[in-house]
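The block underneath contains the structure these notes are about, expressed in structure tokens.
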Amino acid sequence: MNERSPKAETDRDKALFDLGRVHPLVEVVAVVALVGFLLWLVQNYRPRGILGWAILNYRLWIVVLAVSAGGTAGGLVPYYVGKRGTDAVLEHYPYLKGERWARLEALFGRWGAPVLMVSGIPALGVALLVAAGAMDIKRRAFLFWVFWGKMLRNWALVFVFLLGLQIVN
């Protein structure tokens, strides 16, 4: 009798951003619409500066997407450590004991999987990835939110680098 009672549903199961309930056709339509918009933008927008050029440069997009995908794949290691349970987490990451772990639990209890968008922050990121596994965040939602967080961080780094080049020149 492994049936889940209605009371056993947590807030994470009912979360608005739970990607487990999105129909694959909706995902395909969203991706096609995004690609279509980007193609239209590339054909109709003329950049006035280095940042506009960066947004329209498809080679830069490929690099950022590849680096983000690699970072997301690397994030699966701490995620699966977290999947082994809280004892395994605290054994591998003893600095998370006590109040830090309680704060991570509260963070995931309040925000759910979207909190993984800030996993690109170096020290906080590993703690969030491990906690996501221990808090039983679904792998699909984990990959989605971590990828977006890494992509935003990588674009921010590219823009800071390009602004630095623009100031130097």
Legend entry - Filter result (open to solvent by 60 Å² or more (accessible area, probe 1.4 Å) and part of a loop (DSSP other than H, G, I, E, B)) within segment 106-145: I121, D136, K138
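When you check A141 against the structure, is it more than 27 Å from P24 (Cα to Cα) and at pLDDT 85 or above, yes or no?
For A141, the condition - more than 27 Å from P24 (Cα to Cα) and at pLDDT 85 or above - is not met.
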Legend entry - Selection from segment 89-99 of residues that are surrounded by fewer than 16 Cβ atoms within 10 Å (Cβ to Cβ), at pLDDT below 85 and assigned to a helix (DSSP H, G or I): E91, H92, P94, Y95
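The values are calculated or read from the model by the stated rules, or taken from the named source; none is laboratory data. Please read all numbers here as calculations on a predicted model, not as lab measurements. For neighbour counting, all protein chains shown are included, and Cβ atoms are generated from backbone atoms with ideal geometry for every residue, glycine included. Just so you know, the surface numbers come from the protein's heavy atoms only, side chains and all, with ligands and any DNA or RNA stripped out. Shrake-Rupley method; radii C 1.70, N 1.55, O 1.52, S 1.80 Å.
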